[in-house]
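Quick notes on the structure that follows.
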Amino acid sequence: MRVTEWANVRRLSVFSLLAAGLTLSVCSGARASDITLGIIGPHEYDLPVDFSPFNVLVQYGDGNAAGSTYNGQGVRQAKGGSHTWSGLTKYVHFRSFDAIPHVGFAFEVIQSESYVLANGTNYGGLGGTIVGPAAWFKPNAHSTFGFQTFMQTPSGTRYSLASHNWSNISSFIFDYEWKHFSFDGDAGAVTSSTRHVRGQDSYYPGVVFYSNLRFSWKATKLFEPFLAFDWQNVAGTYNNTQNSYVNDSYGRETALGLGAMLNISKHYSFTARYSHSVEGRNVPETNAYYIKFVYLW
């Protein structure tokens, strides 16, 4: 692996999504802090090509204290919130192939964890498992462009933490590096199979469209502050049994955040961020903090 490639790799925080939140948003409309791929940090897609295989282990965590909600007209109301804590444990294998030069590949296995405190009840457990590949190339020495696609299982250790339908999460990814700044992000969609639960109506979750952008300042080799923009739009859920849409099941949210990435060494990095909703429809507010720890070997 060349020196420039290693510099890219040691900063990377790899591909990610808030899996436990995604399970809820696909099932029942957008939910607070559930913007798909909202956990990503700076240099998320600053990736190498023509490298030797390597592995990455990532632990994500986030907590959201949603004291208010947005109604269908976008009015913020001081009711209906909840406290949620989510985690992701992820293993990623990176490699390239001599037969396909100048293209990088990765395969991920992600397990989600979740804890919810709302309406006088609390519960936690494991959500769906997420697996999938990604591929990318570099149009020039300073940029990266690619595509990633994941499948999420319908399972969970609790009924409320399972989606009860398969989901596909796909997006285009990009990154551009300047000497003192970095800009990267993604744009994609989530599509789901029909939800079938014995003894209940059949539902088709609406398509989710999302985008996440990160702009960072390379203040020092160790410290890198950044701005975050996250947006998501969820189409309404359709009740196949009743042949009608579920009331207020559509949703939209835009959130802005501020964070910092610490490049501790060539093997470790730590990222933290705070984000808050600036507008929404039929969602609890995002009032969330995110953390991420990366180990590369």
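The values are calculated or read from the model by the stated rules, or taken from the named source; none is laboratory data. Values in this document were obtained by computation on a predicted structure and should not be read as measured data. Quick reminder, even Gly has a Cβ in these numbers, built from the backbone with ideal geometry, and neighbours come from all protein chains shown.
A few remarks follow.
- Residues satisfying the stated conditions in segment 256-289, i.e. touching an Asp or Glu at 6+ places or on another chain (Cβ under 6 Å) and under 15 Å from residue 234 (Cα atoms): 280, 282, 283
- Yes/no for residue 160 being of a type in the set (S, T, N, Q), under 22 Å from the mean Cα position of the chain (by Cα), under 21 Å from residue 279 (Cα atoms) and surrounded by fewer than 22 Cβ atoms within 10 Å (Cβ to Cβ): no
- Candidates 288, 255: the one that is at pLDDT below 95 and either surrounded by 18 or more Cβ atoms within 10 Å (Cβ to Cβ) or touching a Leu at 6+ places or on another chain (Cβ under 7 Å) (or both) is 288.
- Selected residue [among the β-branched types (Val, Ile, Thr), at pLDDT 90 or above and over 19 Å from residue 250 (Cβ atoms)] from 56, 75, 3, 9: 56
- Screening segment 62-81 for residues that are polar (S, T, N, Q) and surrounded by 18 or more Cβ atoms within 10 Å (Cβ to Cβ) and picking the one that is farthest from residue 127 (Cα to Cα) gives 69.
- Looking across segment 196-216, the residues that are touching a Leu at 6+ places or on another chain (Cβ under 9 Å) and aromatic (Phe, Trp, Tyr) come down to 210, 215.
- Residue match in segment 48-57 (condition: closer than 15 Å to residue 110 by Cα, among the polar types (S, T, N, Q), touching a residue at least 24 places away in the same chain (Cβ under 8 Å) and out of contact with any Ser or Thr (no Cβ under 6 Å at 6 or more places or on another chain)): yes
Conditions (1) touching a Phe, Trp or Tyr at 6+ places or on another chain (Cβ under 7 Å); (2) of a type in the set (Val, Ile, Thr); (3) farther than 22 Å from residue 58 by Cα, marked per residue:
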position	(1), (2), (3)
179	no, no, yes
201	no, no, yes
237	yes, yes, yes
249	no, no, yes
264	yes, yes, no
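- Pair list, Cβ under 9 Å, 6 or more apart: segment 126-145 residue of a type in the set (Phe, Trp, Tyr), other residue crowded, with 19+ Cβ neighbours inside 10 Å and not in a strand (DSSP E or B): 136/45; 136/47; 145/45; 145/138
- Looking at 109, 116, just one residue is at pLDDT 95 or above and in contact with a Phe, Trp or Tyr (Cβ under 7 Å, 6 or more places away or on another chain), and that residue is 109.
- Scanning segment 97-143 for residues that are under 24 Å from residue 183 (Cα atoms) and surrounded by 19 or more Cβ atoms within 10 Å (Cβ to Cβ) yields 104, 106, 108, 134, 136, 138.
- Contacts under 6 angstrom Cβ, first residue in segment 91-114 being farther than 19 Å from residue 146 by Cα, partner basic (Lys, Arg) and part of a strand (DSSP E or B), 6 or more apart: 110/90
- Those residues of segment 199-220 which are crowded, with 24+ Cβ neighbours inside 10 Å and among the charged types (D, E, K, R), in sequence order: 214
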